[in-house]
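Novice: Quick one: this structure, given as structure tokens, is what I'll be asking you about.
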Amino acid sequence: MKDSTQKTAAVGYKLKLAIQKSGRLHDDSIRLLKECGIDISNGVNKLKAEASNFPVEVYFLRDDDIPQYVEDGVADIGFVGENVVYEKKKKVTVAEKLGFGKCRLSLAVRKGDDYTGVQSLSGRKIATSYPVILGDFLKEKGIDAEIHEISGSVEIAPGIGLADAICDLVSSGSTLFMNGLKETESILQSQAVLIKNKDLSEEKEQLIARLLFRIQSVKKAKNNKYILLNAPNAKLKEIIALLPGMKSPTVLPLAEEGWSSVHSVLNENEFWDIIEQLKAAGAQGILVVPIEKMIV
Ligand code: PRT
Ligand code: ZN
């Protein structure tokens, strides 16, 4: 791996990656690169920074500008929220969901308002920074409402009489709560994604494939846990049947006669269910260990 990285870098192919300069996606973007073994010098006050151990140059930009830069080929790829990608409607390819920056774009009205469904918004004024996504949603639902575009502090619009409803990003819901609003409809689930330019050279596509391979290994590792347990040999068959593993579990004899150590990998979604069943089947000394990278 290392040799081919150096070779590729030596012939001059380098990926240009755009990430958010500062804001909610910045730290997680840097962290993901680090988990992929890509170290960049701290470039918060710079326009760009270079990785020392992967042929990539990182550009620090405002999130709203990233789809345009990627469409134009100023950057080859970018990390940005799906909400921005769909709002900007630029010609880029969404290549991978990155698992951070999760939020939803939702409609909200004042707590005391009557709301019996989206049709309640007919003829009403909705404040948003996402006029394109909201417009498409209303059109699809056949609702004729007025969209009032504002660039920030959307949540205060109903309180100051600027709008009857809002359409904004929500994560914990506390901003809506503090402004006396209630969420009525979620119109888009969003997270950070890797977007790429539609017309890249074969060499750049190969670099992106290597980066995606690393990202997928990091994501898989986060969703899985390594599990070690002791089992009486008489119960081994039953216990092994409960474990999915990457192939089949590893079974090693313990120093104590009649017992074995069983090692496997469990997915986070089914984790607690399986642990309970393992205990009931006679497993003891269960250890659960995080996995750093998972190559399958
Ligand atoms: O300066 P720049 O233009 O780059 O940044 P920005 O200010 O436009 O964006 P920023 O940093 O606020 O958000 C970047 C991206 O993070 C967004 O485009 C989303 O993809 C993602 N994201 C995830 C969020 C949220 N969660 C989020 N909660 N973006 C904004 N919010 C805001 C929301 O607008 C509302 O004001 O947080 C408030 C609601 O949060 P809760 O927790 O109170 O519900
Ligand atoms: Zn922005």
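Novice: Test each condition in (1) farther than 30 Å from Ile208 by Cβ; (2) not in a helix (DSSP H, G or I) for Phe137 and report the one that comes out false.
Specialist: So the condition that Phe137 fails would be (2).
Yes/no matrix, rows are residues, columns are (1) of a type in the set (A, V, I, L, M, F, W, C); (2) within 24 Å of Arg214 (Cβ to Cβ); (3) crowded, with 22+ Cβ neighbours inside 10 Å:
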{"position": "Ser52", "(1), (2), (3)": "no, yes, no"}
{"position": "Pro55", "(1), (2), (3)": "no, yes, yes"}
{"position": "Arg62", "(1), (2), (3)": "no, no, no"}
{"position": "Pro67", "(1), (2), (3)": "no, yes, yes"}
{"position": "Asp76", "(1), (2), (3)": "no, yes, yes"}
{"position": "Lys102", "(1), (2), (3)": "no, yes, no"}
{"position": "Ser106", "(1), (2), (3)": "no, no, no"}
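Novice: Give the residue, chosen from Ser153, Ser171, Ser129, that is without any contact (Cβ under 8 Å) to a residue 60 or more places away in the chain, within 12 Å of ligand 1 (Cβ to nearest atom) and open to solvent by 60 Å² or more (accessible area, probe 1.4 Å).
Specialist: Numbers: Ser171 fails: without any contact (Cβ under 8 Å) to a residue 60 or more places away in the chain; Ser129 fails: open to solvent by 60 Å² or more (accessible area, probe 1.4 Å).
It is Ser153.
Novice: Another one. Across the stretch 31-40, which residue is farthest from Lys219 (Cα to Cα) among those that are open to solvent by less than 50 Å² (accessible area, probe 1.4 Å) and either outside any strand (DSSP E or B) or outside the structural domain of Glu57 (by TED's automatic domain parsing) (or both)? I'd like the intermediate steps shown before the answer.
Specialist: Going residue by residue through the stretch 31-40, those that are open to solvent by less than 50 Å² (accessible area, probe 1.4 Å) are 32-33, 36-38, 40.
Those still in the list that are either outside any strand (DSSP E or B) or outside the structural domain of Glu57 (by TED's automatic domain parsing) (or both) too: 32-33, 36-38.
Working: Leu32: 9, Leu33: 12, Cys36: 10, Gly37: 14, Ile38: 15 Å.
Selected residue: Ile38.
The values are calculated or read from the model by the stated rules, or taken from the named source; none is laboratory data. Worth saying up front: this structure is predicted, and the values here are computed from it rather than measured. We place every Cβ from the backbone using ideal geometry, glycine too, and count neighbours over all the protein chains shown. For accessibility, only protein heavy atoms count, side chains too; no ligands or nucleic acids. Shrake-Rupley method; radii C 1.70, N 1.55, O 1.52, S 1.80 Å.
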